[in-house]
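Accompanying notes for the structure given below.
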Amino acid sequence: MAVVRKTEKSSRHKTKIKNVLPYPHKKIVDSLQKWIQDPSMFRFILYGELILLIPSGCLADYEWLSDKLKVLNKGTALASQKHQKLVPEHAFALSVHLNKNNLDTIELDKEQALAYLRKRISHS
């Protein structure tokens, strides 16, 4: 989590009441739980179209801090919702909580990976 606190005084003081962190639909949560090693340790929250993964033990702290401060980052970006599809986020691909047993993977050498990134993969 990243939090910012201004050090200079401001002439205007804005108080903005924030809603409690919204949760994604149960159907989405059910499909995302397969992506995580121990889903009981985490909660999913929505941040626009982005679905974030937050440790269950920290959820109350996140909600409190989000109400009091401008929180720049919270949790791990898990996926984005786009047209009823879940698009995995890069941050989650690097997460230690990723359940690799339930996701399709493929081994590539350096040349194959570079060809894929350059969109020059042959479909053989």
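The values are calculated or read from the model by the stated rules, or taken from the named source; none is laboratory data. Here the structure is a predicted model, which means the values were calculated and not measured. Note that we place each Cβ from the backbone using ideal geometry, even for glycine, and neighbour counts take in every protein chain shown.
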Check: Inside segment 65-104, can you point out the residues that are assigned to a strand (DSSP E or B), within 17 Å of residue 42 (Cβ to Cβ) and free of Cβ contacts under 8 Å to residues at least 60 places away in the same chain?
Finding: 76, 77, 78, 79, 86, 88
Checklist line | Residue tally, condition free of Cβ contacts under 8 Å to residues at least 60 places away in the same chain and either surrounded by 15 or more Cβ atoms within 10 Å (Cβ to Cβ) or outside any helix (DSSP H, G or I) (or both), over segment 52-64 | finding: 7
Item checked: Members of segment 8-46 that are exposed (fewer than 14 other Cβ atoms within 10 Å of the Cβ), more than 17 Å from residue 102 (Cα to Cα) and at pLDDT 75 or above -> 22, 23, 25, 26, 27, 41
Next item on the list: With the checklist (1) more than 17 Å from residue 5 (Cα to Cα); (2) free of Cβ contacts under 8 Å to residues at least 12 places away in the same chain; (3) surrounded by fewer than 16 Cβ atoms within 10 Å (Cβ to Cβ); (4) not aromatic (Phe, Trp, Tyr) in hand, flag the one item residue 49 doesn't pass.
Entry: (2)
Next item on the list: Quick one: in segment 21-46, of everything that is in contact (Cβ under 8 Å) with a residue 60 or more places away in the chain and of a type outside the set (A, V, I, L, M, F, W, C), which residue is farthest from residue 87 (Cα to Cα)?
Entry: 37
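Residue by residue, here is whether (1) in contact with a Cys (Cβ under 8 Å, 6 or more places away or on another chain); (2) under 15 Å from residue 31 (Cα atoms); (3) surrounded by 15 or more Cβ atoms within 10 Å (Cβ to Cβ) holds:
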{"position": "71", "(1), (2), (3)": "no, no, yes"}
{"position": "74", "(1), (2), (3)": "no, no, yes"}
{"position": "78", "(1), (2), (3)": "no, yes, yes"}
{"position": "90", "(1), (2), (3)": "no, no, no"}
{"position": "101", "(1), (2), (3)": "no, yes, no"}
{"position": "105", "(1), (2), (3)": "no, no, no"}
{"position": "108", "(1), (2), (3)": "no, no, no"}
{"position": "113", "(1), (2), (3)": "no, no, no"}
{"position": "119", "(1), (2), (3)": "no, no, no"}
